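*Asks:* My questions all concern the structure below.
The values are calculated or read from the model by the stated rules, or taken from the named source; none is laboratory data. What you see is a predicted model; the values in this text were computed from it and never measured. When we count neighbours, we look across all protein chains shown, and the Cβ atoms used for this are built from the backbone with ideal geometry, even at glycine. What goes into the accessible areas is simple: the full protein's heavy atoms, side chains included, and nothing from ligands, DNA or RNA. Shrake-Rupley method; radii C 1.70, N 1.55, O 1.52, S 1.80 Å.
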Amino acid sequence: MKDKNSGMTLIVKTVTRWTVLLIMLYGFYITFFGHLGPGGGFAGGIIVVLSFIHIILAYGKDFVVKKINENIAGILETTGGLLFLTIAILGLFTGIFFKDFLGKGKVFSIFSAGIILPANIAIMIKVGFGMLSAFLCLILFSSQQEENKKKE
Amino acid sequence: MEILISILIFIMIIAALISLEIKDLLSSVVSLAAVGLILTLLFLLLQAPDVAIVQFVVEILSLVILIRATIIRDDSVYDRKYDRKSFIYRISALFCVIIFLIFVIISLKNLPPFGTKIYNKLADYYIKNTINDTGAVDIVAAIILNYRAYDTLGEATVLFTAILGAVLVLRKIGRLRNER
């Protein structure tokens with residue numbers, strides 16, 4: 001292993017390039033079909049984040065940190081939490097907290113079941129980017145420690 | 001079915017004991033992963049696919065983080081010292097386990113036998129009226145995001161607080177300031 005931050009071998013990188021979008025797509029599927037089958041925002045968000053972690057482990061942290069650092073992840077996490085709260089407060093205008101203001105829709109179609117689908121999406125953003133920010137902090141801190149050791 | 005579940009629980013207990021007692025940290029993490037994956041199988045056998053998916057996915061994420069953490073740290077083998085105090089600790093632990101088992105036996109006597117239907121008014125209401133009330137097919141999603149959405153809001157707040165604490169402890173600026 002020459003450099004820890006440059007990622008793994010060419011084989012791993014190629015396999016990652018082919019599979020990472022499929023993993024992310026599966027996460028979105030689990031989220032968007034949460035009211036039609038097993039799954040939901042929590043599991044879907046973590047699967048989406050696992051695809052990010054897949055990239056980090058295969059390509060090294062520098063490849064990802066250029067595009068998304070822990071500040072952006074934190075902001076996105078807060079956005080997800082506020083989105084969920086907004087859905088709850090929008091129900092307040094039509095009656096009570098968390099009231100279903102969107103209507104039931106046609107059963108067995110994707111755009112049905114009222115607030116469950118937007119709430120699932122909000123929870124996906126919140127849980128996913130929360131976990132990603134924790135993981136990024138772990139990685140960035142450990143690399144910072146190594147750099148300090150090298151300086152000494 | 002009951003025998004299969006018993007065997008799986010037995011393997012789970014053995015893996016948990018191995019992960020506690022083994023000296024190599026990486027082997028400990030791997031046997032802990034075995035505990036979680038067998039738990040996923042148990043949820044599937046008990047017909048709870050929602051919980052099984054969440055358990056499986058969180059298990060994989062925590063496994064990646066734990067393996068990375070144990071590989072980065074060099075002191076993977078640590079020595080456990082037994083001194084005189086550990087005897088007292090063991091006796092007190094045995095005492096606590098015995099008290100716990102007494103209460104478990106009392107509470108398990110009141111449970112209905114495995115596989116029989118529990119007549120619960122709330123569960124019957126959910127099964128009959130979920131589609132009419134919310135329009136969702138998956139009853140679990142309807143419960144956690146429509147009937148009991150307050151609980152999910154609290155859960156999201158707990159997760160937010162936990163990650164906030166982790167980021168605050170691990171952030172770089174505070175570490176750098178301390179080193180200066």
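*Asks:* For the pair B:Ile118 and A:Lys106, what calculated FRET efficiency results from E = 1/(1 + (r/R0)^6), where r is the Cβ-Cβ distance and R0 = 30 Å, to the nearest 0.05? Walk me through the numbers before you get to the answer.
*Replies:* Details: r = 33 Å, r/R0 = 1.10.
Approximately 0.35, to the nearest 0.05.
*Asks:* In addition: Sort A:Thr9, A:Thr78 by accessible area with a 1.4 Å probe, largest first.
*Replies:* So the residues, ranked largest to smallest area, are A:Thr9, A:Thr78.
*Asks:* Ok, one more. Return the distance in nm (one decimal) between the two label points of a simple spin-label model at B:Ser27 and B:Glu2, each offset 7 Å from Cα along Cα→Cβ.
*Replies:* 3.7
*Asks:* Sticking with this one: Given the convex hull of the Cα atoms of the stretch A:4-151, what is a quarter of its surface area in nm²?
*Replies:* 10.4
*Asks:* What does the helix-only formula give at 222 nm for chain A: each DSSP H stretch with n ≥ 4 adding -39500 (n - 2.57), the total divided by the residues, and the result rounded to the nearest 500 deg cm²/dmol?
*Replies:* After summing the helix terms and dividing by residue count, I get -24500 deg cm²/dmol.
*Asks:* With each pseudo-label sitting 7 Å past Cα toward Cβ, what's the B:Leu46-B:Ala93 distance in nm, one decimal?
*Replies:* 2.6
*Asks:* Rounded to the nearest 500, what is chain B's calculated 222 nm mean residue ellipticity when only DSSP H runs of at least 4 contribute -39500 (n - 2.57) each, over all residues?
*Replies:* Helix-only estimate at 222 nm: -26000 deg cm²/dmol.
*Asks:* Take the Cβ-Cβ distance between B:Phe100 and B:Tyr150 as r, set R0 to 41 Å, and report the resulting FRET efficiency rounded to the nearest 0.05.
*Replies:* 0.80
*Asks:* Where only protein heavy atoms count, and the probe is 1.4 Å, what is the accessible area per residue for the protein assembly as shown in Å²? Show your work: numbers first, answer last.
*Replies:* Working: 21390 Å² over 332 residues.
It amounts to 64 Å² per residue over the protein assembly as shown.
*Asks:* On to the next question. Which length gain, in nm to one decimal place, applies between B:Lys85 and B:Leu20 when the Cα-Cα distance is subtracted from 0.36 nm times their residue separation?
*Replies:* Details: separation 65, 0.36 × 65 = 23.40 nm, distance 1.93 nm.
This chain segment gains 21.5 nm when fully extended.
*Asks:* If you find the alpha carbon centre of the stretch A:25-46 and of the stretch A:50-71, how far apart are they in angstrom?
*Replies:* So the separation of the two Cα centres works out to 22 Å.
*Asks:* Could you pull out which residues in the stretch A:27-68 have an amide N less than 18 Å from a spot 7 Å beyond the Cα of A:Val12, following the Cα-Cβ vector?
*Replies:* Hits in the stretch A:27-68 for A:Val12 at 18 Å: A:50-65.
*Asks:* At a probe size of 1.4 Å, how large is the accessible area of A:Met8, to the nearest 10 Å²?
*Replies:* 100
*Asks:* Between B:Ile144, B:Ile127, B:Gln47, whose Cα lies farthest towards the positive end of the dipole of chain B when Lys and Arg beta carbons carry +1 and Asp and Glu beta carbons carry -1, centred on the Cα centre?
*Replies:* Sorting the options by dipole projection puts first B:Ile144.
*Asks:* Sticking with this one: Got a sec? What order do B:Asp24, B:Asp138 fall in by accessible area at 1.4 Å, biggest, i.e. largest, first?
*Replies:* Sorted by accessible area, descending: B:Asp24, B:Asp138.
*Asks:* Further question: What is the average number of partner chain Cβ atoms found within 10 Å of a Cβ in A:117-125?
*Replies:* Mean partner shielding for this stretch: 3.
*Asks:* In what sequence, largest accessible area first, do B:Ser27, A:Ser112 appear using a 1.4 Å probe?
*Replies:* Correct descending sequence by accessible area is B:Ser27, A:Ser112.
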